[in-house]
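Visitor: After the structure tokens below, expect a handful of questions from me.
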Amino acid sequence: LMRQIAKDFKEHLNIPGPQILSDTMGVDFHPYLLRIYLLVRRNWYSVIPEIARLGKQGRVALEFSILRDGKVPDLTLRVSSGTDSFDSAALASIRLSSPFPALPPEFPGSDIRLRFVYLYNIPLTAN
């Protein structure tokens, strides 16, 4: 039963996947983004506030850069959910994940810029 509750809980808490906002210069970032996504999602699940488990809805959007060495020099709350604990959990998911793995060695740029969206009890189809 607990496994089912955890499964149901996580189906209502989603990160649709990061969007790259900067030029990838022809480099395939999919493998890298998958690593980043799994790391961020795991850290987000560890800090999701209790009110999310009780069904409160919210949407948060963050933007940040990742430098070549994986460090995050900036982290911006682009869209607030209006619920401080939701915003804080999303921000914490990036801070707990940083530094990220180094950017792919074939990427000639100095950094990439990403957007992450966090959905609390909002279906992916409604986004």
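The values are calculated or read from the model by the stated rules, or taken from the named source; none is laboratory data. Keep in mind that what you see is a predicted model, and the values were worked out from it rather than measured. With ideal geometry, Cβ positions are generated from the backbone for all residues, glycine too; neighbour counts draw on all protein chains shown. The area values use the complete protein model at the heavy-atom level, side chains included, leaving out ligands, DNA and RNA. Shrake-Rupley method; radii C 1.70, N 1.55, O 1.52, S 1.80 Å.
Visitor: All other residues with a Cβ under 14 Å from the Cβ of L21 taken together, and with Lys, Arg as +1 and Asp, Glu as -1, what is their net charge?
Guide: Values: positive: R78, R113, R115; negative: D23, E63, D74, D111.
Its environment carries a net charge of -1.
Visitor: How big is region 17-85 on each of its three principal axes, counting only the C-alpha atoms and giving the largest first in Å?
Guide: Each principal axis gives a Cα extent; for region 17-85 these are 43, 21, 18 Å.
Visitor: Go through region 14-21 residue by residue and turn each phi into a ³J(HN,Hα) via Karplus (6.51, -1.76, 1.60, θ = phi - 60°); whole Hz please, and just put x for glycine and proline.
Guide: Rounded to whole hertz, the list is 10, 10, x, x, x, 10, 7, 9.
Visitor: Could you work out Rg/(2.2 N^0.38 Å) for region 61-113, with Rg from alpha carbons only?
Guide: 1.26
Visitor: List the GluC sites (Glu not before Pro) within region 41-127 that DSSP assigns to loop and that have no more than 14 neighbouring Cβ atoms inside 10 Å.
Guide: On the way: sites: E50, E63, E106; in loops: E106.
Passing both the DSSP loop test and the Cβ count: E106.
Visitor: Right, another one. Which value in Å does the Kirkwood hydrodynamic radius of the chain take, with 1/r averaged over all unlike C-alpha pairs and then inverted?
Guide: Numbers: mean 1/r = 0.0661 Å⁻¹.
Taking every pair of different Cα atoms in the chain, averaging 1/r and inverting gives 15.1 Å.
Visitor: How many angstrom lie between the C-alpha centres of region 32-61 and region 87-111?
Guide: 15
Visitor: Now a separate question. State the percentage of accessible surface on region 68-127 attributable to carbon and sulfur atoms; use a 1.4 Å probe and exclude ligands, DNA and RNA.
Guide: On the way: 1570 of 2930 Å².
Ligands and nucleic acids excluded, carbon and sulfur give 54 percent.
Visitor: Run the helix sum for the chain: -39,500 (n - 2.57) per DSSP H stretch of 4+ residues, divided by residue count, reported at 222 nm to the nearest 500 deg cm²/dmol. Write out the running numbers ahead of the final one.
Guide: Working: 4 runs with 46 residues, N = 127.
Counting only the DSSP helices, I get -11000 deg cm²/dmol.
Visitor: Run through the DSSP bridge list for the chain and note the antiparallel percent, rounded to the nearest 5.
Guide: Bridges in the chain that DSSP calls antiparallel: roughly 100 percent.
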